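Heads up: the structure comes next, in structure tokens.
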Amino acid sequence: MKLVIALSDIRDAPVAWVGGKATALARMKWAGVPVPDAVCVTSEAYRLFVSEGGLKERILMELSRKPFAQMRWEEVWDAALRIRNLFLTTPWPPHLYAALAEGLNGFLDERPLVVRSSCPGEDSAESSFAGLHESYVNVRGLEATLERIKGVWASLWSDGALLYRRELGGDVHLSTMAVIVQHLVTGEVSGVGFSQSPHTSSEGAVEAVYGLNQGLVDGTIEPDHWRLDRETGAVLEHREPLRSSYVGPDSTGVRAFPLSGAKAQTPPLMPEEVTRIFELACRLERLFGAAQDLEWTLAKGTLHALQSRPITTLDSGDSSDRNGLYQSLHRSYENLNALRERIENHLLPEMVRAVDDMAEAPLLTLSDRDLAEEIKARLEVNERWVQVYWTEFIPYAHGIRLFGQVYNDAVKPEDPFEFTSLLTHTPLMGMARNRRLNELAELFRTRGDLGQEAGRNPIHLPPELEEPLTAYIDTYGAFPWLEGEGSRSQQTRASLVTLLFEMARHPPASEPTIEAAPQLEAQFLGCFAEGEKAYARGVLALGRSSYRLRDDDNIYMGQLETQLLRAVDEGRKRLEEGHEDTVTAQLRDEIERFGIRSTIKSAASDTPVGGPVVKARQIMGQPAGQGMAQGRARVIRTPKDLGGLKHGEILVCDVVEPNMTWAVPLAAGIVERRGGMLIHGAIIAREYGLPCVTGVPDATQRIETGDRVTVDGYLGMVILGESTSVF
Amino acid sequence: MTHPTPVVETILSLFDGQQLGVLSTHCKGHPYASLVAFAYTDDLTRLFFVTSRATRKYDNIAADDRVAMLIDSRSNQEIDFHEARAVTVTGRVHEASGDEAATLKERYLIRHPFLKNFVHAPTCALMVMRVQRCILVEQFQNVTEYEVAP
């Protein structure tokens, strides 16, 4: 099989060699439709690279750490990042390099290129991987092209592509990839055209933006949208967006530029151009025998088809939604920066104000009726911010992931998670809270006599301890994980005092400093040309901000929750004391609503399984914090279990909830059921340099408090019991 | 702790798919490994194999009845690293005699019919391993212990 085939020679090549996109482009070219000149790197090149580079088994091992169906998206993303790094760091087998260089030689000149996927399974009538596989625009020269070919191959194993294949029910492992290398056509206007609208079968649709259509495809730039009558081609509606920017080529790659005032006021297409694009889409529908989704660009009056694929959404709306969902797993730099601006400058200050306003409300002097109204108002505030948490804060975590990908593309490190070293030791609120707790523990440490004299949990403390303790509780509030355990304020105080005496019995936990961080930062920035350094710095800043919010948002949400709890506590107190009337009934209603409110808590753990006959000896998870630790397990099945945590124990839990982070410095290691390198527990573990393994199936069911546990944070393994226990 | 059924099923399917296991004995503290054709009871309490009474493994067992046996599904291909499974079975071995030997020999020959002459030779001993534990390794590093007899 040939490794490189010109588009004009593709006619008889099987789709399995050249993929769906190249096949469609070749058919359009033969039919006389203008398409960018291109060559196709066949799937045989992929096969050779993967088999000779020894990648096949390594990919399968990454995806077999646990049953793939049980992997959460975060774990799939981690695996995808590791696989991507395998592609980037595996050297070219010399004969493959020579063959590709020779095959591409006649095609490459000074003109910029587009390197894009052409997967045998994509762009078919059954499945569309639109947007899930990588495309690189504005690539120049052989070396950069070959690098980008590796990037496209790796995207076969991207989180979105893996999840989509899982959704389609295919074997996630049986995949191959061809790559198209095209000359870049820098159109003045670009967009998509549907011969049949995915939403209304009697209509067609055209969308257009100024510049290249990358901004439209990744959702950064909102397009002008035309609805057309499918029979007559008449425009039914033109929806105009606020036009402010366009995507165009930069020195390498593409970026968004501001639109001139005149263009911002003018639709990118004239009515006759809209008709022309729709007619091309209809012509392609006749050519391919199915309604088409066309990507086009208009350059100096010539309409070029960039790709065309069947619309898969008419019969299977659900799978299109899923595809959209997987596409939304990745966000562009521009999109994330806009989100950052909104979060840092608007949402967080607004949240702080909301907390302050609630803190100032004189709950004790409110009438029962006003208190019921206050609880109702706080429930609404809570509801709103829980929405914001899911729709704005959680997606912002993609900032960490974008930085990770940019770092790995530039540096190609051996360890695909090396980038996290540049994120730790940003000023996290959770860490600040833990430092305050450490200071309190230091005060308790100087009064070591007290714990022994007064027993484990003295009610009365001397003023030099009582005052800072009260101040701490006032600042950081109740521990929401203790909710439902009786009187919260008393319970919080008692738990905190127990914890402080336990901390006081041991030396303070130290936060390690990562000495290599400045060096890594310099190395990262050094990978970029002078003109690209601003982008590199921007992505790093975005990663740090996103990492910080991943922890801080939970603290802010905790503060809102604390204010809500305060009002509910006051309401409960009055209900216990008072008689029943219409006002107390209202109060009772609001408190019941409180019980079923939305929260930011994670999904429940795996269903417990019974029958204590089989015992795990060694369980695989993900290596989320380097190091090795041994100790007795403290398994957290209910909030109360956390109160028993002793210094040097291994914390075994479903999820390190943000309000549990105070416990982390006491632990010698962390084992978490929920998986991911960038989840909250992993972040905090790294801040303290604690060995941490995440994604351990049934962790809290298979491990018992008191079990001897070894946490291998390098290999992502949890080992139970003594090695001699078997004999 | 988890329910034993899936683990037991995995071990049984592994035993079913493999004719040979690696038996570990020792001679004065020095480890010694031998390949043996094994059979088993469905409740996993017994593994059995045959040997000449003149072999090193027979002498070793006579001196110390504690043994381990490794049974695995490796194919000597790359996929072994994520697909191969292995069970290490630990226990104590005795030589069967009388009815026990007759019954187990019959079962043994159903599984290994081509060893008929070997089994019926007067020097052949049928050795029965009373299983204490099965230690199952899957997906490269996942290890589960199934205690058959304390």
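Can you say whether B:Asn117 is among the polar types (S, T, N, Q), free of Cβ contacts under 8 Å to residues at least 40 places away in the same chain, more than 12 Å from every other protein chain (Cβ to nearest Cβ) and not in a loop (DSSP other than H, G, I, E, B), as far as the supplied structure shows?
In short, yes.
Specify the residue that is farthest from the chain's Cα centre (by Cα); the eligible residues are those in the range A:634-657 that are of a type in the set (D, E, K, R) and part of a loop (DSSP other than H, G, I, E, B).
Checking each candidate, the answer is A:Lys646.
Can you tell me which residue within the range A:272-328, out of those that are of a type in the set (Ser, Thr, Tyr) and under 29 Å from the mean Cα position of the chain (by Cα), is modelled with the highest pLDDT? Give the steps one after another, and end with the answer.
First, the residues of the range A:272-328 that are of a type in the set (Ser, Thr, Tyr): A:275, A:297, A:302, A:308, A:312-313, A:316, A:319-320, A:326, A:328.
Right, trim to under 29 Å from the mean Cα position of the chain (by Cα) and you get A:312-313, A:316, A:319-320, A:326, A:328.
Details: A:Thr312: 68, A:Thr313: 58, A:Ser316: 43, A:Ser319: 40, A:Ser320: 45, A:Tyr326: 53, A:Ser328: 59.
Going through the qualifying residues, I end up with A:Thr312.
Each row is one residue, and each column tells you yes or no for (1) surrounded by 18 or more Cβ atoms within 10 Å (Cβ to Cβ); (2) touching a Ser or Thr at 6+ places or on another chain (Cβ under 8 Å); (3) among the hydrophobic types (A, V, I, L, M, F, W, C).
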| residue | (1), (2), (3) |
| --- | --- |
| B:Ala33 | no, yes, yes |
| B:Asn60 | yes, yes, no |
| B:Val93 | yes, no, yes |
| B:Ala102 | no, no, yes |
| B:Glu106 | no, no, no |
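Looking at B:Ala54, B:Ala68, B:Ala149 in this structure, which one is more than 14 Å from chain A (Cβ to nearest Cβ), outside any helix (DSSP H, G or I) and small (Gly, Ala, Ser)?
Among B:Ala54, B:Ala68, B:Ala149, only B:Ala54 is more than 14 Å from chain A (Cβ to nearest Cβ), outside any helix (DSSP H, G or I) and small (Gly, Ala, Ser).
Only one of these is within 12 Å of chain A (Cβ to nearest Cβ), part of a strand (DSSP E or B) and at negative phi: B:Gln132, B:Gln77. Name it.
Going through B:Gln132, B:Gln77 in turn, just one is within 12 Å of chain A (Cβ to nearest Cβ), part of a strand (DSSP E or B) and at negative phi: B:Gln132.
Residues checked against (1) under 21 Å from the mean Cα position of the chain (by Cα); (2) within 14 Å of chain B (Cβ to nearest Cβ); (3) more than 25 Å from B:Ala149 (Cα to Cα); (4) assigned to a strand (DSSP E or B):
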site: A:Gly681; (1), (2), (3), (4): yes, no, yes, no
site: A:Ile684; (1), (2), (3), (4): yes, no, yes, no
site: A:Val693; (1), (2), (3), (4): yes, yes, yes, yes
site: A:Val696; (1), (2), (3), (4): yes, yes, yes, no
site: A:Thr700; (1), (2), (3), (4): no, yes, yes, no
site: A:Glu704; (1), (2), (3), (4): no, yes, no, no
site: A:Thr710; (1), (2), (3), (4): no, yes, yes, yes
site: A:Ile719; (1), (2), (3), (4): no, yes, no, yes
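Quick one: is A:Tyr389 surrounded by 17 or more Cβ atoms within 10 Å (Cβ to Cβ), hydroxyl-bearing (Ser, Thr, Tyr), in contact with a Leu (Cβ under 9 Å, 6 or more places away or on another chain) and part of a helix (DSSP H, G or I)?
No; evaluated as a whole, the condition is false for this residue.
Give the residues of the range A:357-369 that are loosely packed, with under 14 Cβ neighbours inside 10 Å and more than 37 Å from the chain's Cα centre (by Cα), sorted by residue number.
Matches in the range A:357-369: A:Pro362, A:Leu364, A:Thr365, A:Ser367, A:Arg369.
Give the number of residues within the range A:612-633 that are in contact with a strand residue (DSSP E or B) (Cβ under 6 Å, 6 or more places away or on another chain) and more than 14 Å from chain B (Cβ to nearest Cβ). So that I can check it myself, show each step before the final result.
First, pick out the residues of the range A:612-633 that are in contact with a strand residue (DSSP E or B) (Cβ under 6 Å, 6 or more places away or on another chain): A:614-622, A:624-625, A:628-631, A:633.
From what's left, more than 14 Å from chain B (Cβ to nearest Cβ): A:624-625, A:628-631.
So the answer is 6.
I'd like to know if the range A:610-627 contains one or more residues that are under 29 Å from A:Glu360 (Cβ atoms), at pLDDT below 85, surrounded by fewer than 16 Cβ atoms within 10 Å (Cβ to Cβ) and outside the structural domain of A:Gln70 (by TED's automatic domain parsing).
No, there is no match, as no residue in the range A:610-627 is under 29 Å from A:Glu360 (Cβ atoms), at pLDDT below 85, surrounded by fewer than 16 Cβ atoms within 10 Å (Cβ to Cβ) and outside the structural domain of A:Gln70 (by TED's automatic domain parsing).
Go through the range A:138-165 residue by residue and tally those that are over 17 Å from A:Asn105 (Cβ atoms) and aliphatic (A, V, I, L, M).
6
Just one of the numbered conditions (1) out of contact with any helix residue (DSSP H, G or I) (no Cβ under 8 Å at 6 or more places or on another chain); (2) closer than 26 Å to B:Leu109 by Cβ is not true of B:Asp42; which one?
(1)
Looking at (1) touching a residue at least 12 places away in the same chain (Cβ under 8 Å); (2) more than 20 Å from A:Cys527 (Cβ to Cβ); (3) of a type in the set (Val, Ile, Thr), which is the one condition that is false for A:Thr365?
Just one mismatch for A:Thr365, condition (1).
In the range B:8-23, what residues are outside any helix (DSSP H, G or I) and either out of contact with any Ser or Thr (no Cβ under 8 Å at 6 or more places or on another chain) or on the phi > 0 side of the Ramachandran plot (or both)? Give the steps one after another, and end with the answer.
Taking the range B:8-23 first, the residues outside any helix (DSSP H, G or I) are B:18-23.
Within the range B:8-23, B:Gln19, B:Leu20, B:Gly21 qualify.
Of all residues being more than 7 Å from chain A (Cβ to nearest Cβ) and surrounded by fewer than 21 Cβ atoms within 10 Å (Cβ to Cβ) in the range B:135-146, which is nearest to A:Lys615 (Cα to Cα)? Just the residue, please. Step through it out loud before you land on a result.
Of the range B:135-146, the ones more than 7 Å from chain A (Cβ to nearest Cβ) are B:136-138.
Filter once more, keeping what is surrounded by fewer than 21 Cβ atoms within 10 Å (Cβ to Cβ): B:137-138.
On the way: B:Val137: 13, B:Glu138: 14 Å.
Top of the filtered list is B:Val137.
Given the criteria more than 13 Å from every other protein chain (Cβ to nearest Cβ) and at pLDDT below 95, does A:Leu63 qualify?
Details: more than 13 Å from every other protein chain (Cβ to nearest Cβ): no; at pLDDT below 95: yes.
Judged against the criteria, A:Leu63 is not a match.
Every residue, every condition in (1) surrounded by fewer than 18 Cβ atoms within 10 Å (Cβ to Cβ); (2) touching a Phe, Trp or Tyr at 6+ places or on another chain (Cβ under 9 Å); (3) aliphatic (A, V, I, L, M); (4) farther than 30 Å from A:Arg47 by Cβ, yes or no:
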| site | (1), (2), (3), (4) |
| --- | --- |
| A:Ala154 | no, yes, yes, no |
| A:Ala161 | no, yes, yes, no |
| A:Val181 | no, yes, yes, no |
| A:Phe194 | no, yes, no, yes |
| A:Gly211 | no, yes, no, yes |
| A:Leu236 | yes, yes, yes, yes |
| A:Leu242 | yes, no, yes, yes |
| A:Val247 | no, yes, yes, yes |
| A:Ala262 | yes, no, yes, yes |
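Mind counting the residues in the range B:1-17 that are surrounded by fewer than 17 Cβ atoms within 10 Å (Cβ to Cβ) and either away from every other protein chain (no Cβ under 12 Å) or aromatic (Phe, Trp, Tyr) (or both)?
The qualifying residues number 4.
The values are calculated or read from the model by the stated rules, or taken from the named source; none is laboratory data. Because the structure is a prediction, the values reported are computed rather than measured. Neighbour counts are summed over all protein chains in view; Cβ atoms, including those assigned to glycine, are modelled from backbone coordinates with ideal geometry.
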